[in-house]
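The values are calculated or read from the model by the stated rules, or taken from the named source; none is laboratory data. Keep in mind the model is a prediction, meaning the values are calculated, not measured. A quick note on method: Cβ atoms are made from the backbone with ideal geometry, for glycine too, and the neighbour counts reach across all protein chains shown.
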């Protein structure tokens, strides 16, 4: 019987991390930003049906970059977790923190188990609060760690550069149109610094809007409404968003 | 629901071990629910009384719930079980919508509710029946539709109007005489209040509008724009208007003889 080559645990983990990072980097990036009335998700997605963002529960949204089948699996798991919690206890007892913990456990276990390949996904779990101070955004990298983010976060291929760009320009209390424009600007910057145009049809946009009268705050922004928001400049936007409710 | 039955079956209504019943179990029962379609939507309404034997258990119970954006359920029968069934039904519609990214068809929702009622058959045999009325706006066919059920989960689509619960026979009689094809939304809401008044008039278990306590029927309207529950103000106005007329004519509006 031949003895397998010795691979140090450090090396093994580094290899797995490298593998996952490369997988995630192949996908397009997406950004999640706080704005005055909630949290906006923006990403480039040519598909109308295969979403990168989705609703998990009343105030909780989910965003993922990486491999579709893997994050879809995690998304459905999250919806189940949240619905079961909400049914057993109460709708208020479903929190982003709890959900992020479950995701972290799942990703961490998969990452360090030798039997499975690590998931090539990076997730964002966001919860909109009653006030901007109550907003929570968690970023979950492939290895199962949790990062508590504020203001803006980017995940996916070009994430570091984009989040650098966003950190400099994002400020609290932006209107939805301002935040959306900043996000599109950030996404359209290529690795080499040049800019390209992303048409509205290729954008996937969703919001967690705390001003929505319904319990479920998640809403996709599509079609004409998206076009209007992208065209609107700063001032006239507040009225536009509320009129669509 | 499949997930729930695998992981925590004890949370599902149909999966419970029942102790053998001795005598009649006394639990609050909900009474009358009525529904009427009109061009462009459907109205679902219910009285506010829950009874336990000959005692009024609750005066202000709410028996009409939104199931999702385009449908609602009104419940008659054992209140505790019915409320739980509605909660599970709401959960299931929402869960499906989130996982699949699309809403169930109205027919699909009605079928799902049918299965849930059937799973309660054991309880129904012991006198704890739940008989809901399901109404919704069919987005594909662009009209309001009503589905009624029996204790065994048998589902049938009702045209124009329907009623369930102990006062339903009287309410149905009233609706039969008052219904027309071209009702407006406001006329349809008035019609259900008239029907509930007649049910309360002849059925002791159905509650009429309680002016002293300001308890009025719950009236909901489902149209293209989704589910809407009339505000306290609106339903009190409707109920008071009907009541005012009844002071002159206690038996309500007269239909033509021929």
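Looking only at the stretch B:195-218, decide whether some residue is over 21 Å from residue B:50 (Cβ atoms) and either under 19 Å from the mean Cα position of the chain (by Cα) or buried (at least 22 other Cβ atoms within 10 Å of the Cβ) (or both).
No; the residues of the stretch B:195-218 include none that is over 21 Å from residue B:50 (Cβ atoms) and either under 19 Å from the mean Cα position of the chain (by Cα) or buried (at least 22 other Cβ atoms within 10 Å of the Cβ) (or both).
Considering A:129, A:157, A:173, which residue is crowded, with 16+ Cβ neighbours inside 10 Å, assigned to a loop (DSSP other than H, G, I, E, B) and at pLDDT below 95?
Checking each option against the conditions leaves just A:157.
Could you please find all residues in the stretch B:71-92 being under 21 Å from residue B:226 (Cα atoms), within 13 Å of chain A (Cβ to nearest Cβ) and in contact (Cβ under 8 Å) with a residue 12 or more places away in the chain?
Once the filter is applied, which keeps residues that are under 21 Å from residue B:226 (Cα atoms), within 13 Å of chain A (Cβ to nearest Cβ) and in contact (Cβ under 8 Å) with a residue 12 or more places away in the chain, the stretch B:71-92 yields B:86, B:88, B:89, B:90, B:92.
Would you call residue B:141 under 25 Å from residue A:80 (Cβ atoms), more than 16 Å from the chain's Cα centre (by Cα), more than 14 Å from every other protein chain (Cβ to nearest Cβ) and surrounded by fewer than 20 Cβ atoms within 10 Å (Cβ to Cβ)?
When the stated conditions are applied, residue B:141 does not pass them.
Going by the conditions given, is residue B:152 part of a loop (DSSP other than H, G, I, E, B) and surrounded by fewer than 21 Cβ atoms within 10 Å (Cβ to Cβ)?
Judged against the criteria, residue B:152 is a match.
Please verify whether the stretch B:7-26 includes one or more residues that are away from chain A (no Cβ under 14 Å), surrounded by fewer than 16 Cβ atoms within 10 Å (Cβ to Cβ) and at pLDDT 70 or above.
Among the residues of the stretch B:7-26, at least one is away from chain A (no Cβ under 14 Å), surrounded by fewer than 16 Cβ atoms within 10 Å (Cβ to Cβ) and at pLDDT 70 or above, which makes the answer yes.
Got a number for residues in the stretch A:132-154 being touching a strand residue (DSSP E or B) at 6+ places or on another chain (Cβ under 9 Å) and not in a loop (DSSP other than H, G, I, E, B)?
Count: 13.
Does residue A:91 satisfy the condition of being within 14 Å of chain B (Cβ to nearest Cβ), surrounded by fewer than 17 Cβ atoms within 10 Å (Cβ to Cβ), within 24 Å of residue A:185 (Cα to Cα) and touching a strand residue (DSSP E or B) at 6+ places or on another chain (Cβ under 9 Å)?
No.
Considering A:173, A:164, A:129, A:134, which residue is out of contact with any helix residue (DSSP H, G or I) (no Cβ under 6 Å at 6 or more places or on another chain) and at positive phi?
Going through A:173, A:164, A:129, A:134 in turn, just one is out of contact with any helix residue (DSSP H, G or I) (no Cβ under 6 Å at 6 or more places or on another chain) and at positive phi: A:173.
From the set of residues in the stretch B:48-66 that are within 18 Å of residue B:222 (Cα to Cα) and away from every other protein chain (no Cβ under 14 Å), which is surrounded by the fewest Cβ atoms within 10 Å (Cβ to Cβ)?
Among them, the one singled out is B:62.
Kindly indicate whether residue B:163 is surrounded by fewer than 19 Cβ atoms within 10 Å (Cβ to Cβ) and either touching a helix residue (DSSP H, G or I) at 6+ places or on another chain (Cβ under 6 Å) or modelled with pLDDT under 95 (or both).
For residue B:163, the condition - surrounded by fewer than 19 Cβ atoms within 10 Å (Cβ to Cβ) and either touching a helix residue (DSSP H, G or I) at 6+ places or on another chain (Cβ under 6 Å) or modelled with pLDDT under 95 (or both) - is not met.
Mind checking which residues of the stretch B:200-258 are part of a helix (DSSP H, G or I) and modelled with pLDDT under 90?
Across the stretch B:200-258, there are no qualifying residues.
Of everything in the stretch B:100-116, what is surrounded by fewer than 17 Cβ atoms within 10 Å (Cβ to Cβ) and under 17 Å from residue A:79 (Cβ atoms)? Give them in sequence order.
B:100, B:101, B:102
Working carefully through the options B:97, B:84, B:92, find the one that is under 25 Å from residue A:88 (Cβ atoms), crowded, with 20+ Cβ neighbours inside 10 Å and out of contact with any strand residue (DSSP E or B) (no Cβ under 6 Å at 6 or more places or on another chain).
B:92
On the given criteria, is residue A:99 at pLDDT 95 or above, surrounded by 14 or more Cβ atoms within 10 Å (Cβ to Cβ), within 14 Å of chain B (Cβ to nearest Cβ) and under 30 Å from residue B:86 (Cα atoms)?
Yes, satisfied.
I'd like the residue in the stretch A:35-88 that is in contact (Cβ under 8 Å) with a residue 40 or more places away in the chain, within 24 Å of residue B:6 (Cα to Cα) and away from chain B (no Cβ under 11 Å) and, out of all such residues, is surrounded by the fewest Cβ atoms within 10 Å (Cβ to Cβ).
A:70
Can residue B:163 be described as in contact (Cβ under 8 Å) with a residue 60 or more places away in the chain, over 20 Å from residue B:88 (Cβ atoms) and assigned to a strand (DSSP E or B)?
It is true that residue B:163 is in contact (Cβ under 8 Å) with a residue 60 or more places away in the chain, over 20 Å from residue B:88 (Cβ atoms) and assigned to a strand (DSSP E or B).
Give the residue, chosen from A:159, A:126, that is more than 15 Å from residue A:95 (Cα to Cα) and within 13 Å of the chain's Cα centre (by Cα).
A:159
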